[in-house]
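S.K.: Before I ask anything, let me first share the structure, which is written out below as structure tokens.
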Amino acid sequence: MASETRLKAGALLSLAGIAVLAFGAGVVHDSPRLAVLCLLATLPLVASLWRCIDRLGALRRPAPPSAPGLPIEQQALLDNALALEARLEHTPVALFRIDGPGGDGQVAPLNGNARKLVAPGRASDPADLYRQLAAQPGERRALIDFETERGTERALLAVSSLTLQGRAQRLAALMPVESELEAEALHAWRQLVHVLTHEIMNSLTPVASLSHTAYGLLGEFRGALPEDVGLDLSTALDAIRRRADSLVDFVASYRSLSNVPPARPERLRLDALFERVAALVGPGWRARGGAVEFSVEPASLELMADPGQLEQALINLLKNAFEATAGNEGKAGHAWVAARLVRGGRLRIEVSDDGPGVPDGLAAHIFTPFFTTKKQGGGIGLAMVRHLVHENGGTVRHARSVGRGARFVLTF
């Protein structure tokens, strides 16, 4: 410190000497203006030299003594607590704290997944979800339903009771399983359809072939049979032949459900996709006096998906809408397809119509293979839609419409 002070004092004396010499030069030449200019010229030199001396002193100054650390035991406890907090934050389930022994209490999220679940874009009514959690007794496992932006979501709930600092609390772990359950159910149906169609086709194909052969042979030998016998045989073989052909076509349509090729996603613009779908389905609607309206917001919206599979899913939904609106009283029928970004950065495509809609009691079964509400339907259309959407990483739900008609929501 003393050496630094002496260094600064010496520098000041040197600079003062330079300033005096500069001023004296102006006086000798009898020029006050020159003296002032010489003094001003020395000022930058003074400032620069002073900064250098100050930095040199800072480098030579000893570093302040570091604060004493925690004892080893306390530091280990702190490290363990921080590690436990990090693991809790990234636990792959949503954890909630429920104050109170049971039946009621305040609910608060404990980790990142819980906060995401009640953030905009997931649970559409977080207060309702909190009420469901608060009503759960301790030591229980159950499946609960709650509404999200993508539709009704099912989740596996496990509740445990504990006491912390003399206060009764419950810890609720919530794991949404709707997508996993749908994927497993779809896989099971595909396997079942594959087995059934394989076995049925193995038995049905020879029946159809033999019925055609027998019907052809009957025409050659009809003259050798009594007229009434030949007529009865012809009628019976013709009925067998027609029904066998119809069943072959029916089973073949279900075989397509289990033989869908894997998706080949690519970046596609939704406005271009909608233009292709409009060109395919629009003429039928206009011929009946109706219309299909397409909208994309924003217009540059893009999606990674298989263009052919997503196009087929939309065509199936619009085909259902076309058939559902055919009986509209005094109306030609309209359908709407809208794509937009919703909360949480998700892409949503809504397909709706102004038909009679889906009865409430049947809404839970409409995606099940073989289930249909039509007199002439095979129950394959919506099952295929769900499979195609799942193949491209999305989900499809039936959503209740504000007015009349059906509304289907595809979320990616």
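What follows draws every value from the coordinates through simple rules; no lab data is involved. Because the structure is predicted, anything quoted here is derived from the model rather than measured. Cβ placement follows ideal geometry from the backbone for every residue including glycine, while neighbour counts extend to all protein chains displayed.
S.K.: With label points built 7 Å along Cα→Cβ from the Cα atoms of residue 338 and residue 191, find their separation and express it in nm.
M.R.: So the two model labels end up 4.1 nm from each other.
S.K.: Could you order the peptides 211-218, 92-99 from most to least packed, using the average number of other C-beta atoms within 10 Å per residue?
M.R.: Sorting 211-218, 92-99 by mean packing, highest first, produces 92-99, 211-218.
S.K.: Within region 311-361, list the trypsin sites (Lys or Arg not before Pro) lying in a DSSP loop whose Cβ has at most 12 other Cβ atoms in a 10 Å radius.
M.R.: Within region 311-361, the qualifying trypsin sites (Lys or Arg not before Pro) (loop, at most 12 other Cβ atoms within 10 Å) are 331, 343.
S.K.: Test of understanding: what is the full-extension gain from residue 82 to residue 125, defined as 0.36 nm times their sequence separation minus their Cα-Cα distance?
M.R.: Additional length available on full extension: 12.2 nm.
S.K.: Residue 210 to residue 243: extension gain in nm, 0.36 nm per residue of separation minus the Cα-Cα distance?
M.R.: 10.6 nm
S.K.: Beyond 18 Å, what percent of the Cα pairs of region 266-411 remain?
M.R.: Result: 55 percent of Cα pairs exceed 18 Å.
S.K.: What FRET efficiency comes out for residue 272 versus residue 323 if R0 is 25 angstrom and r is the Cβ-Cβ distance? Round to the nearest 0.05.
M.R.: The value I calculate is 0.40.
S.K.: What number results when the radius of gyration of region 73-125, computed over Cα atoms, is divided by 2.2 N^0.38 Å?
M.R.: Cα-based Rg divided by the globular estimate yields 1.45.
S.K.: What ranking, highest mean first, results for peptides 357-367, 400-410 when packing means the other Cβ atoms within 10 Å averaged over each residue?
M.R.: Descending mean neighbour count gives 400-410, 357-367.
S.K.: Here's a follow-up. Net charge within 10 Å of residue 322 by Cβ-Cβ distance, Lys/Arg positive one each and Asp/Glu negative one each, not counting residue 322 itself?
M.R.: Taking every Cβ under 10 Å from that of residue 322, the sum is 0.
S.K.: With a Förster radius of 56 Å, plug the Cβ-Cβ distance of residue 371 and residue 164 into 1/(1 + (r/R0)^6) and report the FRET value to the nearest 0.05.
M.R.: With R0 = 56 Å, the Cβ-Cβ based efficiency is 0.65.
S.K.: Ranked from highest to lowest mean number of other Cβ atoms within 10 Å per residue, what is the order of the peptides 132-145, 386-399?
M.R.: For the peptides 132-145, 386-399, the packing ranking is 386-399, 132-145.
S.K.: Taking the Cβ of residue 299 as the center, what net charge do the other residues with Cβ under 13 Å away carry, scoring Lys and Arg +1 and Asp and Glu -1?
M.R.: -2
S.K.: OK, next. I need the shape label for region 258-324. Rule: rounded when a/c is under 1.5, else prolate if a/b > b/c, else oblate, with a, b, c from the alpha carbon gyration tensor.
M.R.: Oblate, since a/c reaches 1.5 and b/c is not below a/b.
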